[in-house]
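Comments concern the structure below.
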Amino acid sequence: MSAVRPAVEVETQIDVASIRRDFPILSQEVNGKPLVYLDNAASSQRPQAVIDAVSAYYERDHANVHRGVHTLSQRATDAYEGARDIVRNFLNARDTKEIVFVRGTTEAINLVAQSYARPRLKPGDEILISALEHHANIVPWQLVCEQTGARLRVIPIDRRGEVQFDAFERLLNANTKLLALAHVSNALGTIVPVEQYIARAKALGVPVLLDGAQAIPHGQVDVRALDCDFYCFSAHKMCGPTGIGVLYGRRELLEAMPPWQGGGDMILTVSFEKTTYNQLPWKFEAGTPHISGAIGLAAAIRYLQQVGMERIARYEHQLLEYATARLESVPGLKIIGTASNKAAVVSFTLEGVHPHDIGTILDTEGVAIRTGHHCAMPVMEFFEIPATARASMSFYNTFEEIDRLVAALERTRSLLA
């Protein structure tokens with residue numbers, strides 16, 4: 001793999017210098033050095049357009065939604081519901097009724113676990129997940145299995161960090177009631193070929209949930225083309241605010257699911273004898289929603305679409321190739337997760353140096369990465385390591401920043417290895 005920067009080719013596709021000017025946080029110094037932010041899998045940064053959209057809402061339009069006849073409430077409602085339609089279009093969903101606003105991917109998965117799975121499961125039923133999953137796509141299913149007597153079964157991965165399709169086919173059976181998979185691994189960057197898993201599951205009538213938290217920032221997602229039943233993601237991974245996310249669900253499934261939280265706005269009528277629930281999607285949105293978060297998410301989607309999701313995917317792939325080659329040149333460095341198809345994530349260890357020490361020393365050089373188990377402890381156990389250092393890239397990162405990461409790792413190795 002070549003470590004030569006493909007600068008001329010890439011710059012004709014994406015104007016990185018101009019994009020970086022849209023992100024005010026990237027212009028600062030950390031510990032006297034220009035910031036190199038390579039922790040995008042944990043949370044991406046926000047462009048000025050998103051900051052401005054949220055600020056404008058609070059400055060001019062703030063009021064509660066759905067409940068007022070006055071002008072501010074109507075403007076807030078229009079912006080909030082307008083954001084829902086922007087998400088629908090972004091995912092190519094059929095109907096805004098299929099778009100449920102939640103706090104994030106974790107809440108979306110818990111909603112499906114408790115509202116869809118729990119009422120349907122019985123002892124002997126099985127839920128399938130993979131060994132790549134984030135804790136958010138493990139623990140909710142463990143809870144629902146404890147509640148129902150169902151069984152959680154795990155599709156193994158190989159040493160490259162790829163889910164084993166043959167093993168999946170052996171595990172899939174008449175007792176399988178749900179398949180829940182990460183679209184992209186947060187710990188390793190593996191892009192799971194979910195289309196073939198979905199097709200095989202659907203042949204047996206098994207519904208499929210995809211954890212799209214790590215996939216949604218890196219390329220176009222079309223839920224109808226995927227043919228999944230549920231798709232979950234968080235805004236803060238894709239240049240939007242924290243505390244807001246989306247559950248996409250097929251309308252016919254959502255219609256049949258009971259609310260999982262009760263309160264205001266998810267009801268039509270309430271008496272002490274009986275409550276009539278609201279229509280989709282509001283029956284799943286109890287209480288005052290994260291209005292500014294939805295508006296910020298819509299602004300983030302508009303920004304990403306303006307840059308172009310296909311261009312983002314191409315550029316980030318070139319960043320990944322360059323970073324992989326440069327990191328492989330560092331003595332004692334081992335990349336964990338070498339799948340043939342990856343997002344712009346590189347997890348690694350450095351011989352003789354704990355990942356936490358790597359992160360601490362890199363911070364003194366102004367380089368921000370993530371260290372630890374990345375909420376994927378079973379992945380770490382599989383590779384027989386306590387943790388990794390993880391550099392995760394976005395479309396506003398540069399080849400020069402990767403060079404600075406490598407230089408900082410060389411300094412770390414000289415100090416500690």
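Across the stretch 113-124, not a single residue is classified as of a type outside the set (D, E, K, R), part of a helix (DSSP H, G or I) and touching a Cys at 6+ places or on another chain (Cβ under 7 Å).
One line per residue, one yes/no per condition, for (1) among the basic types (Lys, Arg); (2) at pLDDT 95 or above; (3) under 17 Å from GLN305 (Cα atoms); (4) not assigned by TED's automatic domain parsing to the domain that holds THR324:
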residue	(1), (2), (3), (4)
ASP22	no, yes, yes, no
ASN31	no, yes, no, no
ASP61	no, yes, no, yes
VAL69	no, no, no, yes
TYR80	no, yes, no, yes
VAL87	no, yes, yes, yes
LYS97	yes, yes, no, yes
THR105	no, yes, no, yes
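Filtering ILE267, ILE291, ILE295, ILE301 for residues that are in contact with a helix residue (DSSP H, G or I) (Cβ under 9 Å, 6 or more places away or on another chain), within 30 Å of GLU400 (Cβ to Cβ) and either surrounded by fewer than 24 Cβ atoms within 10 Å (Cβ to Cβ) or of a type in the set (Val, Ile, Thr) (or both) leaves a single hit, ILE301. Here ARG153, ARG159 are screened, and the one residue that is farther than 19 Å from LEU209 by Cβ, among the basic types (Lys, Arg) and outside the structural domain of HIS317 (by TED's automatic domain parsing) is ARG159. Comparison of GLU255, GLU273 shows that the only residue that is among the acidic types (Asp, Glu), assigned to a helix (DSSP H, G or I), free of Cβ contacts under 8 Å to residues at least 40 places away in the same chain and in the same structural domain as GLU107 (by TED's automatic domain parsing) is GLU255. Among the residues making up the stretch 312-334, those that are polar (S, T, N, Q) and touching a helix residue (DSSP H, G or I) at 6+ places or on another chain (Cβ under 9 Å) are GLN318, SER329. Taking the criterion of being buried (at least 21 other Cβ atoms within 10 Å of the Cβ), under 24 Å from GLN214 (Cα atoms) and either not hydroxyl-bearing (Ser, Thr, Tyr) or not assigned by TED's automatic domain parsing to the domain that holds THR388 (or both), the residues of the stretch 343-361 that qualify are ALA343, ALA344, VAL345, VAL346, PHE348, PRO355, ILE358. One residue alone among ALA108, ALA136 is more than 30 Å from HIS62 (Cα to Cα), part of a helix (DSSP H, G or I) and touching a residue at least 12 places away in the same chain (Cβ under 8 Å), and that residue is ALA136. Of the listed requirements (1) in contact with a Ser or Thr (Cβ under 7 Å, 6 or more places away or on another chain); (2) over 26 Å from LYS334 (Cα atoms); (3) touching a residue at least 60 places away in the same chain (Cβ under 8 Å), LEU178 misses just one: (1).
Matching residues to (1) in a loop (DSSP other than H, G, I, E, B); (2) at pLDDT 95 or above; (3) hydrophobic (A, V, I, L, M, F, W, C):
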residue: PHE395; (1), (2), (3): yes, yes, yes
residue: ILE402; (1), (2), (3): no, yes, yes
residue: ALA407; (1), (2), (3): no, yes, yes
residue: GLU410; (1), (2), (3): no, no, no
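GLU328 meets each of the listed conditions (1) at pLDDT 95 or above; (2) surrounded by 18 or more Cβ atoms within 10 Å (Cβ to Cβ) apart from (2). Within the stretch 31-45, can one find any residue that is touching a residue at least 12 places away in the same chain (Cβ under 8 Å), of a type in the set (D, E, K, R), outside any loop (DSSP other than H, G, I, E, B) and exposed (fewer than 14 other Cβ atoms within 10 Å of the Cβ)? Checked against the condition, which is being touching a residue at least 12 places away in the same chain (Cβ under 8 Å), of a type in the set (D, E, K, R), outside any loop (DSSP other than H, G, I, E, B) and exposed (fewer than 14 other Cβ atoms within 10 Å of the Cβ), the stretch 31-45 yields no hits at all. Among the residues of the stretch 331-365, the ones that are touching a residue at least 12 places away in the same chain (Cβ under 8 Å), outside any strand (DSSP E or B) and more than 27 Å from ALA313 (Cβ to Cβ) come to 14 in all. Only a single item in (1) closer than 30 Å to GLU400 by Cα; (2) of a type in the set (Lys, Arg); (3) in contact with a strand residue (DSSP E or B) (Cβ under 7 Å, 6 or more places away or on another chain) is not met by ARG311, and it is number (3).
The values are calculated or read from the model by the stated rules, or taken from the named source; none is laboratory data. In this text, all values refer to a predicted model and were calculated from it rather than measured experimentally. So basically every Cβ, Gly included, is an ideal-geometry build from the backbone, and we count neighbours across all protein chains shown.
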